[in-house]
Amino acid sequence: MDRLPARADRRQTEAVPVNLAGLADNTGITRADALSEGAFNIWGNTFPADELPTGGPVVVDGVPFLFPEAAPGRPDNVRCAGQLIEVPTGRYDWIQLLAAAERRTEDQVLLHYADGSVDPEWLRVPDFWPETGSRVGGSPAFTCTRMHYPRHVERKMGPVIWRHRVPVPRESDLGAVRLPDNPAVHLFAMTLLPALPLEVAA
């Protein structure tokens, strides 16, 4: 029984955070003095920067991520548009994500393996509006107490960035992930959890 925590610790230390900074194309986090510098959705809503990590390594539910640095006008998330994200080639069990959607969204990602195989898997991301709840699994990574609008702060709404995951079922080396062409889905961070060797009870 005491082997399970050791395996969990190993998975965390061997996790592979993916740097999404080069793909970021949307500003969804703003400071109170720069409300109009972002637009997570068509209404120009954004998450309050002072209620989120300042950027860099952060651990959510035991999973290490690279959280984007928020700065006025600087892109901090990837709005899904079919981008191909190359990852360090290796065998993984899960793709862990910090994500939010402009509405509850289910779409497919394509997992590209080093041997040329391609598998579709479901990416399910809850709505960032707090009233809707998850309904597709996942857990809230960051729950804010207010929502930014371009010209005011709405303190009756607290948007959520969710932690969700996508399975990697094929026991082959993964080389890349193709995002869906769905601008309602926003990725703030991605981490790959390695496949661990099976342990057979004696």
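Brief remarks on what is shown
- Scanning region 24-40 turns up no residue that is aromatic (Phe, Trp, Tyr), surrounded by fewer than 16 Cβ atoms within 10 Å (Cβ to Cβ) and farther than 27 Å from residue 194 by Cβ.
- Scanning region 57-77 finds one or more residues that are basic (Lys, Arg) and modelled with pLDDT under 95.
- Some residue of region 140-150 being at pLDDT below 95, at positive phi, out of contact with any Asp or Glu (no Cβ under 6 Å at 6 or more places or on another chain) and not basic (Lys, Arg): no
- Only a single item in (1) buried (at least 18 other Cβ atoms within 10 Å of the Cβ); (2) free of Cβ contacts under 8 Å to residues at least 60 places away in the same chain; (3) closer than 19 Å to residue 164 by Cα is not met by residue 60, and it is number (2).
- Total residues in region 46-101, condition closer than 21 Å to residue 121 by Cβ, of a type in the set (A, V, I, L, M) and touching a helix residue (DSSP H, G or I) at 6+ places or on another chain (Cβ under 8 Å): 3
- Considering region 160-202, and only residues there that are under 14 Å from the mean Cα position of the chain (by Cα) and small (Gly, Ala, Ser), the residue that is modelled with the lowest pLDDT turns out to be 184.
- Count of region 86-102 residues, restricted to those that are crowded, with 16+ Cβ neighbours inside 10 Å, within 25 Å of residue 26 (Cβ to Cβ) and over 13 Å from the mean Cα position of the chain (by Cα), is 2.
- Between 92, 149, the distinction of being closer than 21 Å to residue 18 by Cβ, in contact with a strand residue (DSSP E or B) (Cβ under 9 Å, 6 or more places away or on another chain) and not acidic (Asp, Glu) belongs to 92 only.
- Members of region 45-98 found to be among the hydroxyl-bearing types (Ser, Thr, Tyr) and part of a strand (DSSP E or B), listed by number: 46, 89, 92
- Region 146-201: number of residues that are free of Cβ contacts under 8 Å to residues at least 24 places away in the same chain and in a strand (DSSP E or B): 1
- Residue match in region 104-125 (condition: farther than 23 Å from residue 196 by Cβ, among the polar types (S, T, N, Q) and under 17 Å from the mean Cα position of the chain (by Cα)): yes
- Among the residues making up region 104-119, those that are of a type in the set (A, V, I, L, M) and not in a loop (DSSP other than H, G, I, E, B) are 109, 110, 111, 118.
The values are calculated or read from the model by the stated rules, or taken from the named source; none is laboratory data. What you are looking at is a predicted structure, and each value in this text was computed from that prediction instead of being measured. All Cβ positions, glycine included, derive from the backbone under ideal geometry; neighbour counts span all protein chains shown.
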